[in-house]
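Right, one structure below, let's go through it.
Coordinate-derived values only; no laboratory data. These numbers were taken from a predicted model, which means no experiment stands behind them.
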Amino acid sequence: MKEKIKHWLKIVFSALGIVAIFDWVIAPGLTAQNTVINILSFLLAGVVSTIVGVILWNEITEIEEEEKKEEDKDGKIY
């Protein structure tokens, strides 16, 4: 149970971190008058989104695999 709580806390804090990055770094760059800053902010947003998406996907699938292994050990099928 503690592992699941830690897992969800990681997801929540990751989401809050992403919102903070978009709020304080990327969004001001997208509204800037300079086109180069706009493009760089857009690229940064894409890179951050991709990295966090991959990390969260790996975390989620890892926990699902561990649960399946535990079910196989117990011999229980839910």
Subject >> Helical contribution to [θ] at 222 nm, DSSP H n ≥ 4, -39,500 (n - 2.57), averaged over the chain, rounded to 500 >> reply: -28500 deg cm²/dmol
**OP:** Report, in degrees rounded to the nearest 10, the 0 to 90 angle that the Cα long axis of helix 2-21 makes with the longest principal axis of the chain.
**Re:** 10
Subject >> Over the chain, relative contact order from alpha-carbon pairs under 8 Å, at least 6 apart, % >> reply: 23
**OP:** Compute the acute angle (0 to 90°) between the alpha-carbon long axis of helix 35-74 and the principal axis of greatest extent of the alpha-carbon atoms of the chain; round to the nearest 10°.
**Re:** 0
Original post:
Considering the values [x] 1.17; [y] 1.23; [z] 0.95, which represents Rg/Rh (Cα atoms, Kirkwood Rh) as calculated for the structure under consideration?
Top reply: [y]
